[in-house]
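The values are calculated or read from the model by the stated rules, or taken from the named source; none is laboratory data. All figures in this text were calculated on a predicted structure; none of them were measured in a lab. No Cβ is skipped: glycine too gets one built from the backbone with ideal geometry, and neighbour counts run over all protein chains shown. All accessible areas refer to the heavy atoms of the entire protein, side chains included, with ligands and DNA or RNA removed. Shrake-Rupley method; radii C 1.70, N 1.55, O 1.52, S 1.80 Å.
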Amino acid sequence: MANLPSSILVTGGAGFIGSALVRMLNETTDARVVTLDKLTYAGHRENLAGLAHPERHTFVHGDVCDRALCAAVLAEHRVEAVLHLAAESHVDRSIVGADAFVETNIVGTHRLVEAARAHFSALSAEGRARFRFVHVSTDEVYGSLAPNELPFTEKSPVRPNSPYAASKAAADHLVRAAHRTHGFPAILTNCSNNYGPRQMPEKLIPVVIERALARMSIPIYGDGLQVRDWIHVDDHCRALLRVLEAGRAGEVYNIGGDCERTNLALVRALCAALDHERPRADGAGYAAQIEHVADRPGHDRRYAISSAKLAHELGWRATTPFEQGLADTVRWYLANGAWLAAVSSAEHRAFMARQYGPHARSLT
Ligand code: NAD
Ligand code: DAU
């Protein structure tokens, strides 16, 4: 990656995707990386343990809502690019209460952009030409598709349905406006459902793995025929680095795995992978633990997203075969029980009990 900036700020770098991105930058480029992370229930220093080149990584514990801190980090580390991932990211939590989503996703993005704009304005002409702010957003801003509708494109209307999606859409608008109004060199990306190592066990795949192994019910919301487009986190990170390297300021790039699955099909595939890797002692399949539960309010029926623009303009495409990525992910969780225990804070467990309480019983 010849054209990457040499000093990069990653916000949310202690989370699932952010830590995969910091690892990739650390292992495959020469860039110096600063991680700015508040370490909420979803952020963990463990996620950044064992970097290949720790001397090129700095961790700052802080909040993107703190404009002065953002400004100080940008100046002190002579930041040439920002990859903004810090966010509240779980739809179900946004349904229980959206305050933190408004605060971090909207206000935090605004404050970070304001700090980055001031930093950008003070750069040399050469520095300004190189500077990029990549805002990492989600396909959920486009709302829900009917079964026969074409995948979302960058021109699809923005119709967020959950408080999480609405907060991300609001942030997207602020970033876009900073480009249009102030010439701030921002790029937006909207990606589909990521999977892979180090995803918090509140999202579907790690929830299924953790509860299957604990012999608890595997909760499927509603009929389980909702469709998501799955992409391996490393493919997402490669797309972000390609966008940083060669994307055009002011543009939106959609990122997807071209891998639509119903939740039921995905969960059955996960159960089959677990049957293969760690069969139940009683010989029954893990799928026997599947239980349909009340649907998520406002549950989007289908996401599908076209990465054609990214493929044509920047030559990126997802390369991880889904079955292989899923099997590798299952093996990672099986080998990292200590990680699961470490990220399961009291705060996380309280949310899970509230979310799944009536279904949290062990089946053994
Ligand atoms: P995550 O919840 O695993 O991690 C979020 C990180 O942000 C955590 O480390 C957390 O501590 C940090 N954070 C939260 N509030 C902060 C604040 N105020 N200041 C600084 N740090 C803060 O989320 P993720 O799944 O890794 O998602 C990362 C980004 O990618 C988010 O912006 C999300 O909207 C976006 N995204 C996620 C997916 C997905 O499938 N997970 C898909 C598309 C886009
Ligand atoms: O599409 C991108 C988005 O993907 C990201 O922007 C979000 O940050 C990320 O959390 C994810 O959102 P989803 O709501 O799609 O992911 P989640 O893993 O929560 O749920 C996936 C699907 O599985 C969804 O249709 C709801 C369903 N589900 C989820 C859980 C946690 C269940 O049926 N049971 C569950 O217990």
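For the reader, a short list of remarks on this structure follows.
- Selected residue [crowded, with 23+ Cβ neighbours inside 10 Å, within 27 Å of Leu25 (Cβ to Cβ) and more than 7 Å from ligand 2 (Cβ to nearest atom)] from Arg238, Arg198: Arg198
- Entirely in the range 79-152, the helices (runs of 4 or more DSSP H) that have 1 or more residues that are within 19 Å of the chain's Cα centre (by Cα), of a type outside the set (S, T, N, Q) and modelled with pLDDT of 95 or more: 91-96, 109-121
- Any hit, the range 355-362, residues being under 21 Å from Arg228 (Cβ atoms), open to solvent by 40 Å² or more (accessible area, probe 1.4 Å), among the small types (Gly, Ala, Ser) and out of contact with any helix residue (DSSP H, G or I) (no Cβ under 6 Å at 6 or more places or on another chain): no
- Hits in the range 205-234 - residues which are out of contact with any strand residue (DSSP E or B) (no Cβ under 8 Å at 6 or more places or on another chain) and either within 9 Å of ligand 2 (Cβ to nearest atom) or open to solvent by less than 10 Å² (accessible area, probe 1.4 Å) (or both): Pro206, Ile209
- The residue that is nearest to ligand 1 (Cβ to nearest atom), counting only those in the range 251-307 that are in contact (Cβ under 8 Å) with a residue 12 or more places away in the chain and on the phi > 0 side of the Ramachandran plot, is Asp258.
- Pairs, first touching a residue at least 12 places away in the same chain (Cβ under 8 Å) in the range 330-354, second aromatic (Phe, Trp, Tyr) and surrounded by 15 or more Cβ atoms within 10 Å (Cβ to Cβ), C-beta under 8 Å, six or more apart: Leu340/Tyr333; Ser345/Tyr41; Glu347/Tyr41; His348/Tyr41; Phe351/Tyr41
- Counted as qualifying within the range 264-364 are the helices (runs of 4 or more DSSP H) with 2 or more residues that are in contact with a strand residue (DSSP E or B) (Cβ under 9 Å, 6 or more places away or on another chain), namely 308-314, 322-335, 346-356.
- Within the range 153-177, considering residues that are touching a strand residue (DSSP E or B) at 6+ places or on another chain (Cβ under 8 Å) and farther than 22 Å from Arg296 by Cα, the one surrounded by the fewest Cβ atoms within 10 Å (Cβ to Cβ): Thr153
- Set side by side, the residues Leu9, Leu4, Leu21, Leu25 differ, and just one is assigned to a strand (DSSP E or B), in contact (Cβ under 8 Å) with a residue 60 or more places away in the chain and not β-branched (Val, Ile, Thr), which is Leu9.
- Taken over the range 120-134, the criterion of being under 17 Å from Thr181 (Cβ atoms) and surrounded by 17 or more Cβ atoms within 10 Å (Cβ to Cβ) is satisfied by Phe120, Phe131, Phe133.
- Scan of the range 32-47 for residues that are more than 15 Å from ligand 2 (Cβ to nearest atom) and either in contact (Cβ under 8 Å) with a residue 40 or more places away in the chain or buried (at least 23 other Cβ atoms within 10 Å of the Cβ) (or both), ordered by number: Arg32, Val33, Val34, Thr35, Leu36, Asp37, Lys38, His44, Glu46, Asn47
- Number of the exception - Gly12 against (1) more than 17 Å from Cys237 (Cα to Cα); (2) within 9 Å of ligand 1 (Cβ to nearest atom): (1)
- Leading residue by the ranking (farthest from Leu21 (Cα to Cα)) among those in the range 74-90 that are surrounded by 18 or more Cβ atoms within 10 Å (Cβ to Cβ) and not hydrophobic (A, V, I, L, M, F, W, C): His90
- Restricting the range 48-73 to residues that are of a type outside the set (Ser, Thr, Tyr) and in a strand (DSSP E or B), the residue that is surrounded by the fewest Cβ atoms within 10 Å (Cβ to Cβ): His61
- Flag if Ser192 is among the polar types (S, T, N, Q), more than 9 Å from ligand 2 (Cβ to nearest atom) and either touching a Leu at 6+ places or on another chain (Cβ under 6 Å) or open to solvent by less than 40 Å² (accessible area, probe 1.4 Å) (or both): no
- Some residue of the range 91-100 being farther than 27 Å from Gly247 by Cα, open to solvent by less than 40 Å² (accessible area, probe 1.4 Å) and touching a Gly at 6+ places or on another chain (Cβ under 8 Å): no
- For the range 178-189, the set of residues classified as open to solvent by less than 40 Å² (accessible area, probe 1.4 Å) and either free of Cβ contacts under 8 Å to residues at least 12 places away in the same chain or more than 9 Å from ligand 1 (Cβ to nearest atom) (or both) consists of Ala178, Phe184, Pro185, Ala186, Ile187, Leu188, listed by residue number.
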